[in-house]
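As structure tokens, the structure follows; a few thoughts come after it.
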Amino acid sequence: MANHHAHNHDSEHRVIAEPQTKAIWRTFIILSALTALEFLIAFTLHHGFLKTSIFVLMTIVKAFYIVGEFMHLKHEVKSLIWAIILPCIFVVWLLLALLMEGGFIFIAR
């Protein structure tokens, strides 16, 4: 009988986690500001390498922020983070190399 009473007592005093409202609003504001900045750049800068580079960089920053916040990657161990980031860096490098090399075919002819 004593165990039954102790079990009920433990289940009555569970701690409920506080809502993460501040973190959600902070994430919303940061992503909204980055998106607003993208719109500003889209309508003010002329098309070219600088504009494209800024968009690619901002997209990568937003992607890492979204993955860190919503997929909780920023709370993981550093080795897991690097195991995900390094292949992504190499894929981006590969794409850039292929695009640059592909452009030289048209120049050489």
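No lab work stands behind these numbers, since they all come straight from the coordinates. What you see is a predicted model, and the numbers here were worked out from it, not measured in a lab. With ideal geometry, Cβ positions are generated from the backbone for all residues, glycine too; neighbour counts draw on all protein chains shown.
Here's the yes/no breakdown for (1) under 13 Å from the mean Cα position of the chain (by Cα); (2) not small (Gly, Ala, Ser):
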{"residue": "Ala36", "(1), (2)": "no, no"}
{"residue": "Phe39", "(1), (2)": "no, yes"}
{"residue": "Lys62", "(1), (2)": "yes, yes"}
{"residue": "Ile84", "(1), (2)": "yes, yes"}
| request: Might you let me know whether the range 20-37 holds any residue that is part of a loop (DSSP other than H, G, I, E, B) and loosely packed, with under 10 Cβ neighbours inside 10 Å? | output: no
| request: Please verify whether the range 62-72 includes one or more residues that are in a helix (DSSP H, G or I), of a type in the set (Gly, Ala, Ser) and more than 14 Å from Ile84 (Cβ to Cβ). | output: no
| Flag for Leu95 being in contact with a Lys or Arg (Cβ under 7 Å, 6 or more places away or on another chain), among the hydrophobic types (A, V, I, L, M, F, W, C), surrounded by 10 or more Cβ atoms within 10 Å (Cβ to Cβ) and at negative phi | no
